[in-house]
Structure formats: structure tokens, C-alpha cells
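Written out below as C-alpha cells is the structure these notes cover.
Readers should treat all values here as calculations from the given coordinates under stated rules, not as data from a laboratory. Predicted model only: the values in this text are computed from it and were never measured. FYI the Cβ positions are ideal-geometry reconstructions off the backbone, even for glycines, and counts take in every protein chain you see.
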Amino acid sequence: HYVQYWFPAVPIWATAAVAVTVMFVVNVVGVKFYGEAEFWFALIKVVAIIALILFGFAMVVFGVGNGGHAIGLGHLHEHGGFLPNGISGAFLAIVMVAFSFGGVENLGIAAGETKDVATTMPKAVNATF
């Protein structure tokens, strides 16, 4: 529904069809094109992250998007401040994030280091999950 926010006349199925077609083409064509597409998709993500950081900085310092009133850093210490219940919640979140992102990635890394992948990896995956 993100595209409909800016372009309400575009039907949802058209947005989905374009996304599926792009992903299909990227995965069906050769490895060279896939690598090039992966580079450009990663560049888009990096540029978006940098733009969001700069926009957030402009909101805090210059009041961009807030009627010209700078938001400031007062929210870090007012009304209980940052982490009002202590740092233990942040540590618990880090554990869950590391488990979520690290678990599946380690399967790919292990597969690259294994000698007989076809027989060893299915046994390891079935024993783990």
C-alpha cells in the first residue's frame, strides 16, 4: 500500500506485478546481471539510509517538518528519558536481534565450509530445527 500513498490511482495488483516481475527477471538472468542488480539495489538502500539520517538530523536541529520548531534533544532526559526502566531491556533486545539475524546466516556460511554439503547440511538442519 506504500505506492498508493503517493499514487492513489495505481491499483495494488499493478504494484505487486511490477515487484514480482523485477524480482523474477533479476533471478532468472545470468549471474553477471544479478551481481550488477544487487549492487544497485544495495546502493539504493545505502542512499536511503543516509537520506533518513540527514533528514532526522535536520528535524532535530532545524525543525524541518515540524513547522520550523527544532525538536532538540530534550526527549532524551525528559519524562523518564532514554531507557526509563534501565539498560536491561536494550540488552535483551540485542540478544533477540543477534539470534534472529545470525542463525539463518550461519547455515549459509557453514554450507560454504562443508565438504559434502548434499548429505551433511540436511542432517545438520534437521537436527537443529
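Values for this structure:
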{"quantity": "Inter-label distance, nm, simple model (7 Å from Cα along the C-beta direction), V117/Y34", "calculated": "1.1 nm"}
{"quantity": "Fraction of the pair-distance distribution of region 83-129 above 18 Å, Cα-Cα pairs, percent", "calculated": "47 percent"}
{"quantity": "Distance between modelled label sites at F7 and I44, nm, 7 Å Cα→Cβ extension", "calculated": "1.2 nm"}
{"quantity": "When the convex hull of its Cα atoms is projected in every direction, mean area for the chain (nm²)", "calculated": "14.1 nm²"}
{"quantity": "Debye intensity ratio in log₁₀ form over the Cα atoms of region 1-72, taken at each q of 0.18, 0.28 Å⁻¹", "calculated": "-0.89, -1.07"}
{"quantity": "Euclidean distance between Cα centres, region 18-43 to region 86-118, Å", "calculated": "26 Å"}
{"quantity": "Kyte-Doolittle mean at least 1.0, axial Cα span of 27 Å or more - DSSP H helices of the chain", "calculated": "31-62, 88-113"}
